[in-house]
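Chemist: I'd like to ask some things about the structure below.
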Amino acid sequence: MSNENLSHWADQTAEKIIRERGDLDVYTCASGITPSGTVHIGNFREIISVDLVVRALRERGKNVRFIYSWDDYDVFRKVPVNMPQQEVLNAHLRFPITMVPDPFGRDASYARHHEVDVESVLPAVGIKPEFLYQSERYRAHRYAEGMKIALDNRAKIKDCLNRYRDDEHKIPAEEEYWPVAVFCEKCNRDTTTIEGWDGEWGVSYSCECGHREKADLRTAKGIKLGWRVDWPMRWAHEHTVFEPAGKDHHSQGGSFDTARLVSKEVYDWDAPVSFRYDFIGIKGTPGKMSSSKGKVVDLYDILRVYQPEIARYLFAGTRPNTEFVISFDLDVIKIYEDYDKTERIAWGIEKAKNDEVFAKEKRIYELSQVEPGMPACVSYQIPFRHLCNLLQINDGNVDAVISALPDVKSEQLDRLRTRANCAWYWITECAPDEFRFALRKDGSKAELSGPALDAVRKIRDEVVPKMDDVDEKALSELSYAVATECGIEAKALFTATYQALIGKDQGPRLASFMKIIGRDRLTKILAAY
């Protein structure tokens, strides 16, 4: 891509990283989370924000290491209400998350369960980081030197942590500060108190369970840094040059600011280039989800409604510091329409307002693709609303819908099938009742009488036989003429026809709807009258 095109925030960030860090053999970009529960779509915003910047760097010819850290050596503090086997989980509070059993019985641990859920779905949206497991790294003593530096510099770290705090929240001068915590060798809990540091490698501690010992940083498995020190230590250890953070961490004097101080003053590493990303709201929660059960929206839920390119588009098309909502209601139709328009502009099928808009829309489209760059061809452009109507008329039979579409290329099939599956899931699980319908096919009939019944019969006998020979506009005019002949308002005609066809007072635009249903099926349904 052209370096001159800096219309997208990912490219602007990539240029900033190169400008501030210079020419490096490798650019390490980082993201990470504690797998303490379901990794929800708000967490995904950080992952994809890093992925977009990684792509921008790689397109500039840079060698990039994209790491995703599982902080699975953090303490298990709270049992989420949406988890089974609450008693088992409660019995493991204060353990490292990696030692909590999987309540679903699928994976080696509670932490691994949530890690697998994320690792198995990320490739669907083209995200393939190198996963780092902090429990493994701490237990392999990779950070022994980093912990020793922290313990030797605990007064300096205490000063860094206090620098942005008011007097009320400062660590008191007389209070001993310890940058490490210990999981007890005997009971595995962090219910421990640090007793001393020998200035070499030994940390003495006691536990509420009665166990006490002097542990060696180079051999003990239960010692780790507190996260406010662990974060900057790992920046230095991994040579991280880019990592975004949520707005809570990026608040003035917040954890990123203190980590920046610790990174530079203790570990002699400039904090990575960063930006603040905002929170995500959910609008029109899917039917299968229940907030009362603690169910959160994750990437699986998104991909049931949005094809992967559009899941990426939601984030690629929005600046990270902008709060937005992910919709599962009727807004879904508009989001698909917006993406389709962006795609048409990117392929030159629709003209952009100006060159600047074209450059921006094309870049958003490129970054929305599962594989970097432009795909082999444009998608088969079928409006989402129309696709929903086709699927409902065909009782969700995706193959029947696709086989009836004209001029579908083989290289468009996968994306089209994914869109159709998403549309059917949305109809059945998320769409409001007024949007859903099913054609009568069981011989049932609406209770119609008088002019309404006459009108439906005229539609069947006089309009349906002509429908293949006229366009939608002419078909609509024929229907209006029937209403006039029967002495009823057009609205009453539509209501009667919808009742006859789908048992509802309203539905898709009638002429278009009749065209989609087709003459043979219309004749068969209306024969009951």
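Chemist: Can you grab the distance from the C-alpha centre of region 43-69 to the C-alpha centre of region 467-529, Å, no decimals?
Modeler: 53 Å
Chemist: Projecting each Cα onto the charge dipole of the chain (Lys/Arg +1, Asp/Glu -1 at the beta carbon, about the Cα centre), which of P96, P383, M83 comes out farthest on the positive side?
Modeler: Of the candidates, P383 comes out farthest on the positive side.
Chemist: Hey, another quick one. Lysines within cross-link reach of K62: Cα-Cα under 20 Å, excluding same-chain residues under 8 positions apart?
Modeler: K16, K128
Chemist: If you place +1 on the Cβ of every Lys and Arg and -1 on the Cβ of every Asp and Glu, how big does the dipole about the Cα centre of region 450-526 come out, in debye to the nearest 20? Could the numbers behind the result be given before it?
Modeler: Numbers: 12 positive and 12 negative charges, 59 e Å.
Roughly 280 debye for region 450-526.
Chemist: Follow-up. Do any cysteines in the chain lack another Cys Cβ under 4.7 Å, and if so which?
Modeler: Result for the chain is C29, C160, C377, C388, C422, C430, C486, no neighbouring Cys Cβ within the cutoff.
Chemist: Are there chymotrypsin sites (Phe, Trp or Tyr not before Pro) in region 288-375 that DSSP marks as loop and that have at most 10 other Cβ atoms within 10 Å, and which are they?
Modeler: Within region 288-375, no chymotrypsin sites (Phe, Trp or Tyr not before Pro) qualify (loop, at most 10 other Cβ atoms within 10 Å).
Chemist: Which of the trypsin sites (Lys or Arg not before Pro) found in region 213-260 are in a DSSP loop and have at most 16 neighbouring Cβ atoms, other than their own, within 10 Å?
Modeler: Here the sparse-neighbourhood loop sites are R218, K221, K247.
Chemist: If you put +1 on each Lys and Arg Cβ and -1 on each Asp and Glu Cβ, how big is the dipole of the chain around its Cα centre, in Debye rounded to 20?
Modeler: Rounded to the nearest 20 debye, it is 680 debye.
Chemist: Here's another thing I want to ask about it. Over the Cα atoms of region 450-526, what Rg and Dmax result, in angstrom?
Modeler: Answer for region 450-526, Rg first and Dmax second: 10.9, 29 Å.
Chemist: Let me confirm the definition first: pairs of Lys residues in region 146-225, 8 or more apart or on different chains, C-alpha distance under 19 Å. How many are there?
Modeler: 13
Chemist: How tilted is helix 9-21 with respect to the longest principal axis of the chain? Cα atoms for both, answer in degrees (0 to 90, nearest 10).
Modeler: 20 degrees
Chemist: Report, ordered by chain and residue number, the aspartates and glutamates lying within cross-link reach of K466, taken as a straight Cα distance under 20 Å and ignoring same-chain residues fewer than 8 apart.
Modeler: Cα-Cα hits under 20 Å: D454, E477, E485, D520.
Chemist: Which value, in nm² and rounded to one decimal, describes the direction-averaged projected area of the C-alpha convex hull of region 213-285?
Modeler: 7.9 nm²
Chemist: What is the ratio of the Cα radius of gyration of the chain to 2.2 N^0.38 Å, with N the residue count, to two decimals?
Modeler: Against the compact-globule rule of thumb, the ratio is 1.26.
Chemist: Here's something else I'd like to know. For Cα pairs less than 8 Å apart in space and 6+ apart in sequence, what is the mean separation divided by the residue count of region 384-435, i.e. the relative contact order in percent? Let's see the in-between values first.
Modeler: Details: 22 pairs, mean separation 22.2, N = 52.
After rounding, I find 43 percent.
Chemist: Helix-derived [θ] at 222 nm for the chain: sum -39500 (n - 2.57) over DSSP H runs of at least 4, divide by residue count, nearest 500? Walk me through the intermediate numbers first.
Modeler: On the way: 21 runs with 227 residues, N = 529.
The per-residue figure over the chain is -13000 deg cm²/dmol.
Chemist: Still on this structure: Can you bin every Cα-Cα distance in region 384-435 into 5 Å intervals starting at zero and give me the percent of pairs per bin, rounded to whole numbers?
Modeler: So the P(r) values, bin by bin, are 4, 21, 33, 23, 11, 5, 2.
Chemist: State the three equivalent ellipsoid semi-axes of region 403-493, derived from the C-alpha gyration tensor as the square roots of 5 times its eigenvalues, in descending order and whole Å.
Modeler: Calculated on Cα positions only, the semi-axes equal 34, 20, 12 Å.
Chemist: On C-alpha positions alone, give me the angle between the axis of helix 472-486 and the longest principal axis of the chain, in degrees, nearest 10.
Modeler: The angle comes out at about 60 degrees.
Chemist: Out of all Cα-Cα pairs in region 335-377, roughly what percent, to the nearest whole number, are more than 13 Å apart?
Modeler: It works out to 49 percent of all Cα pairs.
Chemist: Taking the Cβ of Y110 as the center, what net charge do the other residues with Cβ under 13 Å away carry, scoring Lys and Arg +1 and Asp and Glu -1? Walk me through the numbers on the way to the answer.
Modeler: Values: positive: R77, K78, R106, R112; negative: D72, D74, D102, D107, E115, D117.
Result for the local shell: -2.
Chemist: Using θ = phi - 60° and the Karplus curve 6.51 cos²θ - 1.76 cosθ + 1.60, what whole-Hz ³J(HN,Hα) does each residue of region 448-455 get, with Gly and Pro shown as x?
Modeler: So the Karplus estimates, Gly and Pro as x, are 10, 8, x, x, 5, 5, 4, 5 Hz.
Since every read-out is calculated from the coordinates, none of them should be taken as a lab result. Computed from a predicted model, the values in this text were never measured in an experiment. Because the Cβ atoms are built from the backbone with ideal geometry, glycine has one as well, and the counts that use them run over all protein chains shown.
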